[in-house]
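J.: One structure is given below, represented as structure tokens, and several questions about it will come after.
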Number of protein chains: 2
Amino acid sequence: MHSLSALNALYNEKFSVDNFHQNPTGLYKPVNHIMNIPGKRIRPLLLLMGCEMFGGDAKQALNPSFAVEVFHNFTLVHDDIMDNADIRRGVPTVHKLYGTNAGILAGDVMLAFAYRYLTDVAPQYVPSLITIFNKTAIEIFEGQQMDMDFEKRNDVTEGEYLKMIEFKTSVLLGCCLQLGAVIGGAGAEDQKLIYEFGLKLGLSFQIKDDYLDTFGEAEKVGKRIGGDIIQNKKTYLYVTAFNNANAAQKAQFTSLLTEADEEKKIKEVKQLFEATGARQQALDKSDELYNVALQSLQKISVGEENKKPLAEMAQKINNREF
Amino acid sequence: MHSLSALNALYNEKFSVDNFHQNPTGLYKPVNHIMNIPGKRIRPLLLLMGCEMFGGDAKQALNPSFAVEVFHNFTLVHDDIMDNADIRRGVPTVHKLYGTNAGILAGDVMLAFAYRYLTDVAPQYVPSLITIFNKTAIEIFEGQQMDMDFEKRNDVTEGEYLKMIEFKTSVLLGCCLQLGAVIGGAGAEDQKLIYEFGLKLGLSFQIKDDYLDTFGEAEKVGKRIGGDIIQNKKTYLYVTAFNNANAAQKAQFTSLLTEADEEKKIKEVKQLFEATGARQQALDKSDELYNVALQSLQKISVGEENKKPLAEMAQKINNREF
């Protein structure tokens, strides 16, 4: 088994160059732009770790690991167009730099390349990899649609919100681990367990992320606290608070949506999150999901030594140390 | 072997309903909208015919035949956004009806569904089908980029133009036939020949299409003659005429680009197409490519009886009877 830093090195050695054709440049410059923004490469690393956990060699899984990174970045390019976002990871978004048409087409070709890299492996794995990946891709688009739909609604339930973040962000983590597990030779039951581990870890992470945006410390989180509140973003805190609220609290909530004084808005919405029990509920839900994730990991039929890297990774992700 | 109408019936029986999930409706209503517009289904039919030519059963190729139709329609949805087109086949375009974001996301999910249907076949075919399809999809995006690039240029060569239409429209016809051939059990050499047949047939068709837009009869073509000239569209006629033109003709061409009197513009550009030899060159090129297509068909190592349906189809396409 390779260490985390060795896996990182393997990946970077192969993919830290411009991996796309040069021509037509109008098509591939935007692709190389987003692919070259430094990142944690968490999805490819999870895929490679999933492979090695079952005794596979990460080198056999490198192309699929690049596929999931290309796919993830494709979703960012199209999401940024839909969200009209100008900045991503500190640099201008693709459509901001190159125009909307270039962003649409760059995303499209990235999706095709994701499938190309995914299937550039030993042919016996191709049907399984494709089936898992297709299901995930479709769920991610459904999650993005739910997210856009929820912006226009005030009656989103906790269950609906959890399904949305599951589809929009968590299924890809489960998918990465399962793809790696397939190449590593895992059986059907172990594939299911490692998928569940990634899925629940992703959900736990997302809810904690919502929590920290409101209740974290600015230096640790690396961004202004309360951003979600200012934008009236439907987060786990928002949805649970609104559902838990009594009539008076609901009225206060609704009037705060249009409050112009940002400091006042943040302070009073935080108080509502506390008073409705949403703050504690978010922490509890995140912890619960993290524990469910670890239970799935424990059930996988490989030795403890093989589980250690992913258990450590889960802890790092949970502690915001990765 | 099934007749053309029997293949059509097989396809319609399975796919003339809403084939996509109902929820989220914001995602799938736009998809069902474009998929339900009546059409000739030429790509799925070519795929099914390619399969049966080699003795395969079209029923085994139905899912991939739907995949190419979904893929083709996905490209229309995204192209219509990029071209800012309001109408497609007589009805409002997806983004016009549902908004640009819905159009982007509907296209994305259609691409994923194309891969899902493509790979919903006997697993031994999956690696080949995916490899052929990936290559084609990437070329189509490159062709779309070339097309957008050419709009801003006046020095496009005949070779560049042919490469653009090859990528943008013809490779998909070759791909459909080859995908069918794979499922029908064709060997590598026959796969190459049937691909070439489709590719050249597509090129021949596209050049003739350009020709008829200018020199056809309105009743037969079913649209106003001269539309490409009015829009200064880079067609085979335009590109060859401009490259053949002497200095005086080039100057006349350039001044006609901004001519406001549409009838005068059409008349004088037609005269230039004639005087520069572009009109005859387009006819000759289309015929030449059609004959090359037929030669590829002739070389395929199956009996004449098996080639007959595709030979007849080629003739119908060439005569605008399909």
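J.: Take the residues in the range B:295-311 that are without any contact (Cβ under 8 Å) to a residue 40 or more places away in the chain and within 23 Å of B:D209 (Cα to Cα); name whichever of them is nearest to the chain's Cα centre (by Cα).
T.: Initially, the range B:295-311 is screened for residues without any contact (Cβ under 8 Å) to a residue 40 or more places away in the chain, giving B:295, B:298, B:303-305, B:308, B:311.
After this cut, where a residue has to be within 23 Å of B:D209 (Cα to Cα) as well, the list is B:295, B:311.
Values: B:Q295: 21, B:A311: 18 Å.
Checking each candidate, the answer is B:A311.
J.: Same structure again: Report yes if some residue within the range B:227-245 is over 19 Å from B:N319 (Cβ atoms), in contact (Cβ under 8 Å) with a residue 60 or more places away in the chain and among the basic types (K, R); otherwise report no.
T.: Looking for residues that are over 19 Å from B:N319 (Cβ atoms), in contact (Cβ under 8 Å) with a residue 60 or more places away in the chain and among the basic types (K, R), one finds at least one in the range B:227-245, hence yes.
J.: Report whether or not B:Q191 is more than 24 Å from A:M110 (Cβ to Cβ), open to solvent by 20 Å² or more (accessible area, probe 1.4 Å), of a type in the set (S, T, N, Q) and more than 10 Å from every other protein chain (Cβ to nearest Cβ).
T.: Numbers: more than 24 Å from A:M110 (Cβ to Cβ): yes; open to solvent by 20 Å² or more (accessible area, probe 1.4 Å): yes; of a type in the set (S, T, N, Q): yes; more than 10 Å from every other protein chain (Cβ to nearest Cβ): yes.
So B:Q191 fits the description; yes.
J.: Scan the range B:144-172 and report the pairs whose first residue is in contact (Cβ under 8 Å) with a residue 40 or more places away in the chain and of a type in the set (A, V, I, L, M) and whose second residue is surrounded by fewer than 20 Cβ atoms within 10 Å (Cβ to Cβ) and not in a loop (DSSP other than H, G, I, E, B), with Cβ atoms within less than 6 Å and a gap of 6+ or a chain change.
T.: These pairs meet every condition: B:V156/B:F150.
J.: Evaluate the following for B:A245: is it out of contact with any Pro (no Cβ under 7 Å at 6 or more places or on another chain), among the small types (G, A, S), more than 21 Å from B:M146 (Cβ to Cβ) and surrounded by fewer than 17 Cβ atoms within 10 Å (Cβ to Cβ)? Steps first, answer last, please.
T.: Numbers: out of contact with any Pro (no Cβ under 7 Å at 6 or more places or on another chain): yes; among the small types (G, A, S): yes; more than 21 Å from B:M146 (Cβ to Cβ): yes; surrounded by fewer than 17 Cβ atoms within 10 Å (Cβ to Cβ): no.
Answer is no for this residue.
J.: Then there is this: Outside any loop (DSSP other than H, G, I, E, B), open to solvent by 70 Å² or more (accessible area, probe 1.4 Å) and at pLDDT below 95, is that true of B:K267?
T.: Working: outside any loop (DSSP other than H, G, I, E, B): yes; open to solvent by 70 Å² or more (accessible area, probe 1.4 Å): yes; at pLDDT below 95: no.
Taking the combined requirement at face value, the residue does not satisfy it.
J.: Kindly indicate whether any position in the range B:300-321 is outside any helix (DSSP H, G or I), of a type in the set (A, V, I, L, M) and open to solvent by less than 70 Å² (accessible area, probe 1.4 Å).
T.: Initially, the range B:300-321 is screened for residues outside any helix (DSSP H, G or I), giving B:300-303, B:319-321.
Narrowing further to those that are of a type in the set (A, V, I, L, M): B:300, B:302.
Add one more test, that the residue is open to solvent by less than 70 Å² (accessible area, probe 1.4 Å), and what stays is B:300, B:302.
For the range B:300-321, residues outside any helix (DSSP H, G or I), of a type in the set (A, V, I, L, M) and open to solvent by less than 70 Å² (accessible area, probe 1.4 Å): present.
J.: Next question. A:G226: surrounded by 18 or more Cβ atoms within 10 Å (Cβ to Cβ) and closer than 30 Å to A:S301 by Cα, yes or no? Let's see the steps before the verdict.
T.: On the way: surrounded by 18 or more Cβ atoms within 10 Å (Cβ to Cβ): yes; closer than 30 Å to A:S301 by Cα: no.
Considered against the rule, which asks whether it is surrounded by 18 or more Cβ atoms within 10 Å (Cβ to Cβ) and closer than 30 Å to A:S301 by Cα, A:G226 comes out as no.
J.: Same structure again: State the number of residues belonging to the range B:93-119 that are more than 9 Å from chain A (Cβ to nearest Cβ) and open to solvent by 40 Å² or more (accessible area, probe 1.4 Å).
T.: Residues flagged as more than 9 Å from chain A (Cβ to nearest Cβ) and open to solvent by 40 Å² or more (accessible area, probe 1.4 Å) within the range B:93-119 amount to 3.
J.: If you don't mind, there's one more thing I want to ask. Can we say B:A181 is touching a Phe, Trp or Tyr at 6+ places or on another chain (Cβ under 8 Å) and among the small types (G, A, S)? First the steps, then the outcome.
T.: On the way: touching a Phe, Trp or Tyr at 6+ places or on another chain (Cβ under 8 Å): yes; among the small types (G, A, S): yes.
Here the answer is yes, as B:A181 does meet what is asked.
J.: Here's a follow-up. Read through the list (1) among the hydroxyl-bearing types (S, T, Y); (2) closer than 28 Å to B:N73 by Cα; (3) more than 10 Å from chain B (Cβ to nearest Cβ), then give the number of the only condition that A:Y211 fails.
T.: In the conditions (1) among the hydroxyl-bearing types (S, T, Y); (2) closer than 28 Å to B:N73 by Cα; (3) more than 10 Å from chain B (Cβ to nearest Cβ), A:Y211 misses (2) alone.
J.: Where residues in the range A:126-160 are of a type in the set (D, E, K, R) and more than 9 Å from every other protein chain (Cβ to nearest Cβ), which of them is most open to solvent (accessible area, probe 1.4 Å)? Steps first, please.
T.: Initially, the range A:126-160 is screened for residues of a type in the set (D, E, K, R), giving A:135, A:139, A:142, A:147, A:149, A:151-153, A:155, A:158, A:160.
Filter once more, so that each one left must be more than 9 Å from every other protein chain (Cβ to nearest Cβ): A:139, A:147, A:151-153, A:155, A:158, A:160.
Numbers: A:E139: 26, A:D147: 39, A:E151: 125, A:K152: 168, A:R153: 73, A:D155: 95, A:E158: 55, A:E160: 62 Å².
Residue satisfying both the conditions and the ranking: A:K152.
The values are calculated or read from the model by the stated rules, or taken from the named source; none is laboratory data. The structure presented is a predicted model; accordingly, all values stated were derived computationally and were not measured. All Cβ positions, even for glycine, are placed from backbone atoms using ideal geometry, and neighbour counts span all protein chains on display. Quick note on the areas: whole protein, heavy atoms, side chains included, nothing else; ligands and nucleic acids left out. Shrake-Rupley method; radii C 1.70, N 1.55, O 1.52, S 1.80 Å.
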